[in-house]
1. Determine the calculated [θ] at 222 nm for the chain from helices alone, applying -39500 (n - 2.57) to every DSSP H run no shorter than 4 residues and normalising by the residue count; nearest 500 deg cm²/dmol.
2. Gaussian network model of the chain, Cα springs within a sub-10 Å range: biggest mean-square fluctuation belongs to which of Thr52, Thr62, Thr41?
3. Over the range 1-95, calculate the relative contact order: mean separation of alpha carbon pairs under 8 Å at least 6 apart, over the residue count, as a percent.
4. Under a Cβ-Cβ cut-off of 10 Å, what is the net charge of the residues other than Phe2 that fall near it, where Lys and Arg count +1 and Asp and Glu count -1?
Amino acid sequence: MFHTIVVAVDGSEISMKALETAMHEAEVWDADLHLVYVVETSMFSSIPMDNTWEIIYSLLETEGKEVFEKARTRAEQEELSVETHLRDGHAGSEILALADEVGADLIIIGSRGKSNIDRLLLGSVSEHVVRNSSCTTMVVR
């Protein structure tokens, strides 16, 4: 039923649950698995492009690569291969764009990000994805 799965990861406990769910679905359906980590640059739009912004971006990019490494290690334990995608921009929009690019027929995303403050600052990424996705979307709690 599913051939291409996109799962959003951010290193939070809930995103790792989403990864576990995505790996299970990929195994069941013999589907391709794509992981996406988005450096949320939209919240920094009012910060001048200087060293501060570059440092913040670099830290978030490094975090994304570390999340990918953990996810890749976990997937290898299940004998699954994953393709990783590091993006920057609005998280919800980037997740949807990737899903369109790879022809995903399932998006899996956690119900919240790293902290409850994310919802106040960024809006609900999962809500944005669910409302705007053109394919099946699963929200993991």
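Every read-out reported here was derived from the displayed coordinates using simple, explicitly stated rules and does not represent laboratory data. What you are looking at is a predicted structure, and each value in this text was computed from that prediction instead of being measured. Neighbour counts run over all protein chains shown; Cβ positions are idealised from the backbone, glycine included.
1. On the way: 5 runs with 70 residues, N = 141.
Helices in the chain give a 222 nm mean residue ellipticity of -16000 deg cm²/dmol.
2. The residue that fluctuates most here is Thr52.
3. Working: 129 pairs, mean separation 34.4, N = 95.
About 36 percent, as a whole number.
4. Working: positive: none; negative: Glu25, Asp30, Asp32, Asp105.
Cβ neighbours under 10 Å give a net charge of -4.
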